[in-house]
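In what follows, a single structure is set out as structure tokens and then discussed.
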Amino acid sequence: MGKREDIRADLTERLLQAAIDEICANGLKGLRARDITARAKCALGTIYKCYTDLDDLIMHVNSHTLHALHTHLSSVAKKWPNPHDRMVALAKGYAGFAQSHQPQWAAIFDHELPVDRDIPDWHHEDQARLLKIIAEALGEIYPNAQRDRLIERAKTIFSAAHGVIAFALQQRFSGVDQDQLDMELEALARMVTAVQP
């Protein structure tokens with residue numbers, strides 16, 4: 001890698017970290033390129049040399065969070081050889097990650113691309129890797145189920161757990177109390193894995 005490429009790689013990483021820090025400090029709403037470049041100590045136009053635009057940078061931030069979540073859940077999964085117990089541990093592990101990384105976690109679901117723009121394949125792949133962890137546990141519980149059915153059930157389970165966690169963290173009127181969250185997630189995980197996909 002040449003000197004110019006080294007400089008660009010350094011700026012790209014600095015901007016990514018600055019965007020993460022800005023989201024952690026102030027949330028996604030109101031995120032501005034000016035604040036990010038001020039944190040990264042570079043010129044405003046630098047963002048557009050390293051990323052297509054602010055939406056592209058936010059997707060890279062969200063990808064960074066998805067990678068961290070995947071690493072966390074993979075570590076959780078390895079500790080539980082029994083797939084039923086693993087599903088419970090994954091639901092609780094997801095809740096723990098959401099609680100400890102709330103601004104970055106929320107940004108994954110709050111960010112909306114313009115209607116005429118598609119989510120890039122690399123971002124879809126980051127999302128799919130999370131579902132694969134759930135689908136692998138389901139495959140052990142239901143060894144005769146077809147893969148596409150396991151993926152669909154993994155989506156259902158993820159969506160259900162995410163809804164319970166999101167409502168609890170947002171303290172919605174229908175959200176469970178946070179001190180009851182682990183118990184309710186265990187009940188949910190055991191109920192949904194008792195039904196044949």
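The values are calculated or read from the model by the stated rules, or taken from the named source; none is laboratory data. The shown structure was predicted, so the numbers you read here are calculated from the model rather than taken from an experiment. For neighbour counting, all protein chains shown are included, and Cβ atoms are generated from backbone atoms with ideal geometry for every residue, glycine included. The protein model used for the area step is the full one, side chains on, heavy atoms only, and it has no ligands, DNA or RNA in it. Shrake-Rupley method; radii C 1.70, N 1.55, O 1.52, S 1.80 Å.
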Counting only residues in segment 32-49 that are of a type in the set (A, V, I, L, M, F, W, C), open to solvent by 20 Å² or more (accessible area, probe 1.4 Å) and not in a loop (DSSP other than H, G, I, E, B), the one modelled with the highest pLDDT is identified as A38
Being under 23 Å from A166 (Cβ atoms) and open to solvent by 20 Å² or more (accessible area, probe 1.4 Å) is the requirement here; does D55 meet it?
yes
Would you please name the residue that is most open to solvent (accessible area, probe 1.4 Å), looking only at residues in segment 145-194 that are of a type in the set (V, I, T) and touching a residue at least 24 places away in the same chain (Cβ under 8 Å)?
T156
Among the candidates K3, K29, K92, residue that is in contact (Cβ under 8 Å) with a residue 24 or more places away in the chain, farther than 28 Å from Q180 by Cβ and open to solvent by 20 Å² or more (accessible area, probe 1.4 Å)
K29
Flagged in segment 102-115 as of a type outside the set (A, V, I, L, M, F, W, C) and open to solvent by less than 60 Å² (accessible area, probe 1.4 Å), in numbering order, are P103, Q104, H111, P114
Being closer than 20 Å to A89 by Cβ, touching a residue at least 60 places away in the same chain (Cβ under 8 Å), surrounded by 14 or more Cβ atoms within 10 Å (Cβ to Cβ) and not hydroxyl-bearing (S, T, Y) is the requirement here; does I134 meet it?
no
